[in-house]
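The structure appears right after this line, and notes come after that.
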Amino acid sequence: MSAPHVVVVGGGLAGLSAAVACADGGARVTLLESRPRLGGATWSFRRNGLSFDNGQHVYMRCCTAYRRFLERIGSSSLAPMQDRLEIPVLRPSSRGTPTLSWIRRGRLPAPLHLGASLLGYRHLGVADRARLGRAVLALRALRLTDPALDAETFGSFLSRHGQSEDAVAALWDVITLPTVNLRSDEASLALAAKVFRTGLLSDAGAADLGWARVPLSRLHADAAAEALRRAGAHVRTGAKVAALRTGPGPSGATSAVTGVVVDGHHLEADAVVLAVPHEAAAGLLPAGGSVDPAALPGLGRSPIVDVHVVYDRRVLPYEVAAAVGSPVQFAFDTTRSSGLDPADGQVVAVSVSGADSEHGERPEALVERYTSALATLFPAARGAKVVDAVVSREHAATFRGRPGTQRLRPRPDVGVPGLHLAGAWTDTGWPATMEGAVRSGVAAAADVMRSVGRERAVSCPGALHEHAEEVVA
Ligand SMILES: Cc1cc2nc3c(=O)[nH]c(=O)nc-3n(C[C@H](O)[C@H](O)[C@H](O)COP(=O)(O)OP(=O)(O)OC[C@H]3O[C@@H](n4cnc5c(N)ncnc54)[C@H](O)[C@@H]3O)c2cc1C
């Protein structure tokens, strides 16, 4: 049997993981990416001799598909994980010295692993701390596959279970914002519950954090390009797919996708994986499948803004820190990945999720606000010189994970022979994350290989919706 030809459209994490899995499964793979680079929503740029990422990217130990992908492309040592979850959370104080408390895991099994740190969490009053258990128990009792979860915001669920506005701002949003890319009062309960259940309430080590210590383009794009080259795949950047080509299906009765149109040429394929953002997919999906392309823009957009500050000295005494009661949400020490010698200073990346208002602001205003906010949180920043600062913005960093989005997220098999969907926005059960993107890519690859009669070629352990099998203790 000759090797089937699979065309993957889109070189983000979904497309890269689909392409690797199909190539590993024995397919002839062509990956087409419209931009001049791979990596999709994860990329890096250079300025004044240093490297900056378009946005800080973090994963958790429970992101098993993403971690397997890093291993496969030989990158996992470049994005190490904390030994155990440990995040300092600071709140500015009028007395000058900020209040510090920690979210860290102890030695007990989940969910008690966070008990000691939450009972001592100084950013909440005693009454709010005492009420946390009520919401935790309610979260653990949810059935994650219940469609009703996508009809309510996480904020309204928290309020129904005794959480005050202060508790939401000082604790729940510290986790909801960077994972769902919305505040609890707008985020779908379905997505937030997935994050809290999988990351914080299932296994004690699940939320240990990992992130790249090299530029994202090296971690993902360069490493995946090399892995694909070795696997015999053909990668083309600057190759925008203008249309999917359709023709008679295998039975002759239905219309099937038989290839793509790129640079004015037809490229034939036994199967096409469409791994582009939802708005691009809306313009490419053929009529007749189970997905209504006109509905996809309803998934919306949620922006992320990062402010990168180069200081002449070390100001941030942690690798990562969170803040409450401050414009800063998370700050990372990115000195190593930027390429700056620590003897010459420190690079701090402030990551702002759900950045609707920040997205439209002038860079000077953002730099002024965030350097001032860093100075209130980290005393060493008060006397430090800002050597350089740059703002990166992604207006469509993720889809807008509010209630009602679940029904707009299709599975890989869209009911058109020859066509398979992937992307962080598809129905992975996860918010728009690197984990969701890779899961969708591997699931699409498994679908492809099944459709060409090579179902054993791609293993898809714990693929989409593994939470369907979750057992609530
Ligand atoms: C600033 C920022 C911070 C983030 N932080 C985190 C984080 O901390 N943790 C986390 O897990 N996730 C994070 N995310 C989300 C994560 O990056 C994305 O969910 C994931 O990378 C999306 O991958 P994807 O392959 O689905 O889509 P994309 O990365 O968008 O890839 C789609 C690709 O398709 C290409 N394309 C589009 N149209 C065509 C066409 N016609 N022909 C050919 N190619 C086409 C695009 O150019 C693009 O490269 C963040 C995202 C951003 C932007």
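Computed from the coordinates by the stated procedures, all read-outs in this text should not be read as laboratory data. Just so we're clear, the structure is a prediction, and the values are computed from it rather than from any experiment. When we count neighbours, we look across all protein chains shown, and the Cβ atoms used for this are built from the backbone with ideal geometry, even at glycine.
Check each of the trypsin sites (Lys or Arg not before Pro) in the range 367-405 and keep only those in coil by DSSP with at most 10 other C-beta atoms within 10 angstrom; list them in order. Let's see the in-between values first.
Working: sites: ARG369, ARG382, LYS385, ARG393, ARG400; in loops: ARG382, LYS385, ARG400.
Answer in residue order: LYS385.
Give the relative contact order (percent, whole number) for the range 105-203; include only Cα pairs under 8 Å separated by 6+ residues. Mind showing how you got there, number by number?
Working: 104 pairs, mean separation 33.1, N = 99.
The normalised contact order for the range 105-203 reaches 33 percent.
Nearest 500 deg cm²/dmol is fine: what mean residue ellipticity at 222 nm does the chain get from its DSSP H runs of n ≥ 4 alone, each adding -39,500 (n - 2.57), divided by its residue count? Could you put the intermediate results ahead of the total?
Details: 13 runs with 120 residues, N = 473.
That comes out to -7000 deg cm²/dmol.
Tell me which of GLY283, GLY325, THR99 sits at the most positive position along the dipole axis of the chain, charges placed on C-beta atoms (Lys, Arg +1; Asp, Glu -1).
Of the options given, the answer is THR99.
Compute the helix-to-body angle for 363-377: its Cα long axis versus the longest principal axis of the chain, expressed 0 to 90° and rounded to tens.
Tilt relative to the chain: about 50 degrees.
What does the charge add up to near PRO327, with Lys and Arg as +1, Asp and Glu as -1, over the other residues with Cβ less than 9 Å from its Cβ? Please list the in-between numbers first.
Numbers: positive: ARG369; negative: GLU358.
Summing Lys and Arg as +1 and Asp and Glu as -1 gives 0.
Would you mind estimating how fast the range 293-359 diffuses translationally, via Stokes-Einstein at 4 °C and 1.567 mPa s with the Kirkwood radius over Cα pairs, in µm²/s? The partial results should precede the final answer.
On the way: Rh = 13.6 Å.
After rounding, the answer is 95 µm²/s.
Which values of log₁₀ I(q)/I(0), to two decimal places, follow from the Debye formula for the range 320-466 at q = 0.18 Å⁻¹ with a uniform point scatterer at every Cα?
Calculated log10 I(q)/I(0) at the listed q: -1.02.
Summing +1 for each Lys or Arg and -1 for each Asp or Glu, what net charge is found among the other residues whose Cβ lies under 10 Å from the Cβ of THR426?
Details: positive: ARG409, ARG411, ARG439; negative: ASP427.
Once positives and negatives cancel, what remains is +2.
Under the Karplus relation 6.51 cos²θ - 1.76 cosθ + 1.60, θ = phi - 60°, what is the ordered set of whole-Hz ³J(HN,Hα) values for the range 201-212, x standing for Gly and Pro?
Here the 3J(HN,Hα) series is 10, 9, 9, 4, x, 4, 9, 4, 9, x, 7, 6 Hz.
Under a point-charge model restricted to the Cβ atoms of Lys and Arg (+1) and Asp and Glu (-1), what is the dipole moment magnitude of the range 105-203 relative to its Cα centre, in debye to the nearest 20?
Details: 12 positive and 10 negative charges, 100 e Å.
I would put it at about 480 debye.
Would you mind ranking GLU394, GLU226 so that the residue whose beta carbon has the fewest other beta carbons within 10 Å leads the list? All intermediate terms of the calculation are to be shown ahead of the outcome.
Numbers: GLU394 18, GLU226 13.
Least crowded to most crowded, the residues run GLU226, GLU394.
Give, as ranges by residue number, the residues of the range 97-129 whose backbone N falls under 17 Å from the point 7 Å along Cα→Cβ of ARG84.
Residues 102-121 qualify, since their backbone N sits under 17 Å from the label point.
Using the Cβ atoms and a cut-off under 14 Å, what net charge is assigned to the surroundings of THR42, where Lys and Arg are +1 and Asp and Glu are -1? Working shown, then result.
Numbers: positive: ARG35, ARG37, ARG218; negative: GLU33, ASP53, ASP222, ASP306, GLU394, GLU435.
With Lys, Arg at +1 and Asp, Glu at -1, the net is -3.
Out of all DSSP beta bridges in the chain, what portion is antiparallel? Express it as a percent rounded to 5.
75
How high is the relative contact order of the chain, in percent, counting Cα pairs under 8 Å that sit 6 or more residues apart? Mind dumping the intermediate values first?
Values: 1065 pairs, mean separation 109.9, N = 473.
Relative contact order comes out at 23 percent.
Given 10 °C and 1.306 mPa s, how large is the Stokes-Einstein diffusion coefficient of the chain in µm²/s, with Rh as the Kirkwood radius over Cα pairs?
This corresponds to a translational diffusion coefficient of 69 µm²/s.
In vacuo Debye scattering of the range 1-101, one point per C-alpha: log10 I(q)/I(0) at q = 0.11, 0.25 Å⁻¹?
-0.54, -1.32
Over the Cα atoms of the range 105-203, what is the Rg over Rh ratio if Rh follows Kirkwood?
Computed over Cα atoms, the ratio is 0.94.
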